[in-house]
Structure formats: structure tokens, C-alpha cells
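The values are calculated or read from the model by the stated rules, or taken from the named source; none is laboratory data. All of these numbers come straight from a predicted model, not from anything done at the bench. Cβ placement follows ideal geometry from the backbone for every residue including glycine, while neighbour counts extend to all protein chains displayed.
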């Protein structure tokens, strides 16, 4: 048995799972992988604040419910609705009362991209 709310989400999220790499100093660091995997997600808009004046940034936060996300943690990257997002808090792994409703809850915050204005240069 499956949960319609979780397994038939209406949007797709791409997760770049965390991998360990060695930096130029020889330290092992956690970074997002180069290749993502896709999962269906049920989305709930959490909050949003639109920029009203020049120089302000928009703040978009969404909550996602996904069946499973292997190797997803605070260093993972996420692509959602055509832009890059970061975890606003660590993933919440919910075991539920049965396997049918086991899922992962994510809170994603949009990376604000301010368009470059050359000012006529």
C-alpha cells in the first residue's frame, strides 16, 4: 500500500546528494555531487516575502514531503522549480506508523538571485 499524498506529488525535486571530496589542502570536505537524482514531491508553500524596492531580495520558503532521499543532508544541493535551493533546516525523517506513510520532510529556502543591472554601461 502506498500513500497518494507522498508518492503522487505534483512536482519534481532534484537532489544532489552529499559526497566527500578532498580539497586542495588535503582535507576531506562534504559537497553536493555533480549528478542529481529526481523524486516526486508534495509541496506546501511555507512563506514568501517579495522584494518591493531596488536592492531588496525575495525570500521564498517551501515544505516538501518526499518518499525517500538517500544521502541527503545539510550539505546536499536541491534544484526545484528551475532554480537552486538550500535546506533551511536538516531533513526530518518520519517513520510514520507504517511503511506506507514513511517519508522525508524538507524545508527549502530559495537562493536569492539578484539580476545584474549594468546601469547603461
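If you go through the stretch 9-32 and keep only what is assigned to a loop (DSSP other than H, G, I, E, B) and either over 25 Å from residue 102 (Cα atoms) or modelled with pLDDT under 90 (or both), you end up with 9, 10, 23, 24, 25, 26, 27. The residue pairs whose first member lies in the stretch 68-97 and is free of Cβ contacts under 8 Å to residues at least 60 places away in the same chain and on the phi > 0 side of the Ramachandran plot, whose second member is surrounded by 15 or more Cβ atoms within 10 Å (Cβ to Cβ) and assigned to a strand (DSSP E or B), and whose beta carbons are closer than 8 Å, counting only pairs six or more residues apart or on different chains, are 71/18; 71/19; 96/103.
Every residue, every condition in (1) within 16 Å of residue 41 (Cα to Cα); (2) in contact with a helix residue (DSSP H, G or I) (Cβ under 9 Å, 6 or more places away or on another chain), yes or no:
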residue: 73; (1), (2): no, no
residue: 77; (1), (2): yes, no
residue: 80; (1), (2): yes, no
residue: 83; (1), (2): yes, no
residue: 86; (1), (2): yes, no
residue: 94; (1), (2): yes, yes
residue: 98; (1), (2): no, no
residue: 101; (1), (2): yes, yes
residue: 106; (1), (2): yes, no
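In the stretch 57-92, the residue that is surrounded by the most Cβ atoms within 10 Å (Cβ to Cβ) out of those that are in a strand (DSSP E or B) and at pLDDT below 85 is 60.
On the basis of being at pLDDT below 85 and surrounded by 15 or more Cβ atoms within 10 Å (Cβ to Cβ), does residue 3 make the cut? Yes; evaluated as a whole, the condition is true for this residue.
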